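Working notes for the structure below.
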Amino acid sequence: MSAPEGLLLVDKPQGITSHDVVDKVRRALGTRKVGHAGTLDPMATGLMLIGVGRATRLLRYLTGLHKTYEGTGRLGEETDTLDADGKTIRTAAVNVTTDRLGAILASLTGDQEQIPPAFSAIKVGGKKLYEAARKGEEVSVPPRRVFVRAFDLLSFVTPDFDFRVECSSGTYIRSLVADAGTALGCGAHLVRLVRTHVGPFALTEAAAIDAIGEPYPAARAVEHLPRRNLDAAGAAAAASGRSMDPAGLDGSYGVYGPDGGLIAVYRDEPDGEPMMSRPEMVLAPSQRPEVE
């Protein structure tokens, strides 16, 4: 019996870590070779992309995809973690109109510098930020560039507001909610968060953690990339990891054999003067297919 491999779309429940999800998949499928393409905080729920077997090598093409979230923020309360799992450190009266709140959320879109929250798993100097924060240690964290495509107000019943965010990978939604509270002068924190989309993948396709079935084929992890179809001779070259004539495509692209199976991921790159198609990752075994 061959080991399982492919891509899983999992609906992470609240109260467990992303690593817990990976462990549950390992036990369910009986394999250690499992990884994920982006974490969710324990408080958050929603879509996680899980690679199994050889598909773990393709997760790099998923980690940078844009994300969509829906959630709830609470005005008038600030917490040390910026979300409902933390301790309340400040309260204030809320005197905010729906129009004003919507305008503030809209103003927090576009390219911006965002400093990761103190209570986050990012490592600085080999130590996770939340470990330092729990000890009361101050750690200087450089800001990172993120892009917020949309921060839309869905509903508002004081003090809670529902929202939708479309953003680049690496954006902290609890920081956006806290920034909105700061701009409004009353503070805010995140009380609910659901990841609904990762690039072209939707939460509606995901399975519950206790109902994991057969993974999708590994090729689904790169379906969003441009596609290059090869004949048998080209497939033999790609399966061996050889350079080929350029495809004329931007960035990484999937390379497929005559049977439609994914062989590798290639990229057009200069090789001296001429441009050549070179492998980034080869999935197929390097046996040469028969050429008719």
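All of the numbers you see were taken from the coordinates with simple rules; none came from a lab. Predicted, not measured: the structure shown is a model, and the values here were computed from it. Backbone-built Cβ (ideal geometry, glycine too); neighbour counts: all protein chains shown.
What the table shows:
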| quantity | calculated |
| --- | --- |
| Overall dimensions of region 225-282 as given by Cα atoms, namely Rg and Dmax in Å | 10.3, 33 |
| Potential lengthening between Arg227 and Glu269 on full extension [0.36 nm per residue; Cα-Cα distance subtracted] | 13.5 nm |
| Full-extension gain in nm, Asp162 to Phe147, via 0.36 nm per residue minus C-alpha separation | 3.4 nm |
| Distance (nanometres) between label positions extended 7 Å along Cα→Cβ at His66 and Gln14 | 2.8 |
| DSSP beta bridge pairing in the chain, given as percent antiparallel to the nearest 5 | 90 |
| Cα-based helix-to-principal-axis angle, 173-184 vs the chain, degrees rounded to 10 | 30 |
| Computed lengthening from Thr182 to Glu205, 0.36 nm per intervening residue step minus Cα-Cα distance | 4.7 nm |
| Point-charge dipole on Cβ atoms (K/R +1, D/E -1) for the chain, about Cα centre, debye to 20 | 760 |
| Karplus 3J(HN,Hα) series, Hz, for region 250-256 with 6.51 cos²θ - 1.76 cosθ + 1.60 (x for Gly, Pro) | 7, x, 6, 8, x, 10, 10 |
| Two-site label geometry, Asn95 and Ala28: point separation in nm, points 7 Å out along Cα→Cβ | 5.1 |
| Part-to-part distance (alpha-carbon centres) for region 217-246 and region 46-110, which is given in Å | 37 |
| Directionally averaged shadow of the chain, computed from the convex hull of its alpha-carbon atoms, nm² | 18.8 |
| Rounded to 10°, Cα long-axis angle of helix 98-107 versus longest principal axis of the chain | 40 |
| Among Ala180, Thr56, Thr17 the positive-end extreme of the charge dipole of the chain (Cβ point charges) | Thr17 |
